[in-house]
1. Contact order normalised by length for the chain, with contacts defined as Cα pairs under 8 Å and 6 or more residues apart; what percent is it?
2. What number, in percent, do you get for the relative contact order of region 63-149 if the mean sequence gap of Cα pairs under 8 Å and at least 6 apart is divided by its residue count?
3. Test of understanding: what is the full-extension gain from Phe75 to Tyr48, defined as 0.36 nm times their sequence separation minus their Cα-Cα distance?
4. Roughly how many nanometres apart are two label points built 7 Å out from the Cα toward the Cβ at Ser83 and Met134?
5. Excluding Lys53 itself, what net charge comes from residues whose Cβ is under 13 Å from its Cβ, given Lys and Arg +1 and Asp and Glu -1?
6. For Ile106, what residues show an amide H to amide H distance below 5 Å, using hydrogens built from the backbone and excluding near sequence neighbours?
7. Using the 2.2 N^0.38 Å rule of thumb for compact globular proteins, work out how the chain stacks up: its C-alpha Rg over that value, please.
8. Are there trypsin sites (Lys or Arg not before Pro) in region 47-145 that DSSP marks as loop and that have at most 16 other Cβ atoms within 10 Å, and which are they?
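None of the figures in this text is laboratory data; all of them are computed from the coordinates on show. These numbers were taken from a predicted model, which means no experiment stands behind them. Here the Cβ positions follow ideal geometry from the backbone for every residue, glycine too, while neighbour counts run over all protein chains shown.
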Amino acid sequence: MFRGSSYHTIDPKGRVIIPVRFRQILNEKGGDGLMVSRLDGGLVAYPYDQWFKIEKRILSLVETSDTIRLFKRTFIGGSADCSLDTQGRILIPPELRNYAKLEKDIVLVGVMNRFDILTREKWEQENARLEELMMREEEARNEIAKLGL
């Protein structure tokens, strides 16, 4: 499981160092890379075994809406196979870097079966947004309390 967050910089060529603890998880799963796609203004990175499960679920959907067709086209069609190099980095293609506005300071955030790649600014905004929700919305507090936290 991917957990925790790591602050990094993306180099001008679009390379990102994957933290050792994340690489260990990839190695355990028998992979030397990731599938990276776009979601919610950031990037999502899945080990191959998790990506194949997602593809299988998406394939099983009966296309009944324009939304699902569009999602499949952008999420699957916009994904990239990013292999780890010998220094433990992946190269994020320009289209994905542009989508997520990755220029320099980034954060890799473990989200259990995947990790997200966000700008540091977006990560800080999301943390502030959660704090604000917790302060003013009882429903948000109750949902989180159901987790036993």
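1. 34 percent
2. In percent, rounded to a whole number, it is 12.
3. Details: separation 27, 0.36 × 27 = 9.72 nm, distance 1.51 nm.
This chain segment gains 8.2 nm when fully extended.
4. For Ser83 paired with Met134, the spin-label model returns 4.3 nm.
5. After counting each charged neighbour, the total is +2.
6. His8, Thr9, Ile10, Arg120
7. 1.12
8. Values: sites: Lys53, Lys56, Arg57, Arg69, Lys72, Arg73, Arg89, Arg97, Lys101, Lys104, Arg114, Arg120, Lys122, Arg129, Arg136, Arg141; in loops: Lys101, Lys104, Arg114.
Counting only loop positions with at most 16 other Cβ atoms within 10 Å, the trypsin sites (Lys or Arg not before Pro) in region 47-145 are Lys101, Lys104.
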